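Here the structure comes first, spelled out in structure tokens, and everything after it is commentary.
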Amino acid sequence: MSESAITITNLTKRFDDITAIENLSLEIGWGELFGILGPNGAGKSTTVNILNTLLKPTDGSATVDGHDVVYDPEGVREVIGVCPQEPAFYRFLTGEENIILMGEMHLVPSDVLKERVKTMAEKIGMEDHIKRRSKDYSGGMIRRVSMLMALINNPKIALLDEPTVAMDPNSRRAVWDFIRELKAQGKTVILTTHYMEEAQELCDRVAIIDNGLLIEIGSPSELVEKHKVKNLEEVFLKLTGKKLREAV
Amino acid sequence: MNLRRILALTKKELKKTTREPAVLFLLIIFPIMITFVFGLAFGGIGGGTATSFDVGVLNLDATSPQADWSLAFVDNLTASEVFVTHAYSDNDSGHSALIQGDLDAFIIIPEGFGDSVASYYGSPLDPSAWTNSTIELYVDSGSQMAVSAIPPLVKEVLMRTLFGNDAMTIILPVEIGNLGLVESSALTQWDFMAPGIFAFAAIFMTMIVAQTMTVERDEGLLKRLRTTPASSADYMISQTVSYMIIALVQVALVLTSSFVIGYRPATGIAGVAFAFVITFAFSLVAVGFGLISATVSKSAESATGVSFVFIMPQMFLGTFMPLGGATEMISKFIPSKYVTEAITTLFLRGAPMTTPVIWIDLAIVSVIGFLLLAIGVILFERYGSR
């Protein structure tokens, strides 16, 4: 096991003349629940997509469990579980079949797979719906199944890109509990979110990014204390100059 | 590359075929439907039944003293079993029925028909003593079969009327030997079309592949798979294997449906197995064209349209449509043509398995299939998958 779960060094990503991330450096430790916050277009998803090997950086480097995202993408994919911002799933499969398919991609042993789906579905409140076709799911159910698809391989590092968007409060609470349990199991979780109360509630540390630049990093309580405000949302407002609603 | 991943992705693709109504229709129900529809329309039922023609008859000599001859001619037309005769009382209604497609032919027996026959029998060796008359025969020009088959058959019935069965046994110094096309009269149009149905059914896989790839790309499924240890090779192989399996199912369905409506290919088990093999190889062509269509398409809807660029020429120049001249030349560049040619050689002509042309056809389809698949995979990976 490498020293840090994730090491990002001077990472830059440009799309033609647009700089999505500039000179970003982060060190995320094992077992840490780390939030990446920022307005739309700040570079959160770009960072996650470099870490999950979908994008290649223009400059700098990133390693996940010691595997370089450019030179050893296969090694990275072995240790991560990715919950994308837009939940991608096969509509003609049941929730269970979608999750099992992802498990098969990670070569999770067949005898473990079904049992694990059952246990995880119970934990996230999907046990009554898991055998239904995905096309009949509500938005909240789709997001929960998407989360299980990401975590069925029991990854060391989970990359969750806005996993609770458009969820009702009950579903969101169920997902929060699930994320807390991941942390309790010692997993490293990278969480991007627009919900400041979610970050404050869950994250050990957060990084606030704006216009591709890292503008603040620390634990929610440290940041609140440092900026002498009431909560993380006010820290965000103070640093980015944008209200959360504008940011979203 | 990992076998378990390939199997899981293949299983996923096959589940789609049975669960998505549009895919199920196009890949499974459509081949059965088209076999039944074309089989029924083109004489497949009870394959081997002789074709019959609806013929209108206006007998203008029915009331003359020599009417027996014209009546005997009409009786013989009916007795031939090739013609179903319908009596008409005037010229206009007969022509109208022919124009509207109710008849394949319209025959007008002239006044004086009986007198002509009688004058012949009065002086069989003196043509100058005969009273000549002409039977008018109108044939539906829209039916190639009617144009070529009806005139000689009517002439044969006329000869039988004038000379009786002896007409067939008149000894001549020159005679035609036995025809080589044994039982050719028992073939229906369906027998000529059936071999083309195998390629026809498989051609539409191109559209499904194109739609699948664009949907999986647009909905982020390809990206999601890319974040797992599954490789592009796992995915592409699973896609190809899925459609190869579907091609085999299609051949089985077309064969079974054809059998149900009476089609009996003039080949044995080996010939039938060959049909499976060449269609299996042809599925590579369909997947290749599907990938190329997906590469240049921005959405599933446009992929459907683009795929028809590849589907249409194959449908019209490589299956059961009659070709000639320039189209015959163009068809040499159409992969489905070789599938149809090989299956026709076996199923219609009853050629043995040692016939070189079927193996050449298989080699051509396989080489084109692998080439198109390679081109499709490279193009899609490079330009179409993101």
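All of the numbers you see were taken from the coordinates with simple rules; none came from a lab. Worth saying up front: this structure is predicted, and the values here are computed from it rather than measured. Positions of Cβ are backbone-derived with ideal geometry, glycine not excepted, and every protein chain shown enters the neighbour counts.
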With n ≥ 4 as the cut-off for DSSP H runs, can you work out [θ] at 222 nm for chain B, using -39500 (n - 2.57) per run divided by the number of residues, rounded to the nearest 500? -20000 deg cm²/dmol
Taking Cα atoms, the helix B:300-318 axis meets the longest principal axis of chain B at an angle in degrees (rounded to 10) of 40
Charge dipole (debye, nearest 20) of chain A; +1 at Cβ of Lys and Arg, -1 at Cβ of Asp and Glu: 640
If you take every DSSP beta bridge fully contained in the protein assembly as shown, what fraction is antiparallel? Give it as a percent rounded to 5. 45
Inter-chain shielding of B:4-10 (mean C-beta neighbours from other protein chains, 10 Å cut-off): 3
For the range B:188-202 and the range B:207-249, compute the distance between their C-alpha centroids and round to whole Å. 30
Roughly how many debye, to the nearest 20, is the charge dipole of chain B about its Cα centre, given +1 on each Lys and Arg Cβ, -1 on each Asp and Glu Cβ, and no other charges? 3560
Of A:182, A:134, A:224, farthest towards positive along the dipole that unit charges on Lys, Arg, Asp, Glu beta carbons give the range A:88-227: A:134
Violations at 30 Å Cα threshold for listed pairs A:13/A:156; B:155/B:332; A:135/B:223 -> B:155/B:332
Using the Cα centre as the reference, give the magnitude of the dipole from point charges on the C-beta atoms of the protein assembly as shown (Lys, Arg: +1; Asp, Glu: -1; all else neutral), rounded to the nearest 20 debye. 2980
Highest-MSF residue in chain A out of A:55, A:33, A:160 [GNM, Cα springs under 10 Å]: A:55
Round to the nearest 10 and give me the degree value, 0 to 90, for the angle of helix B:67-79's Cα axis relative to the longest principal axis of chain B. 20
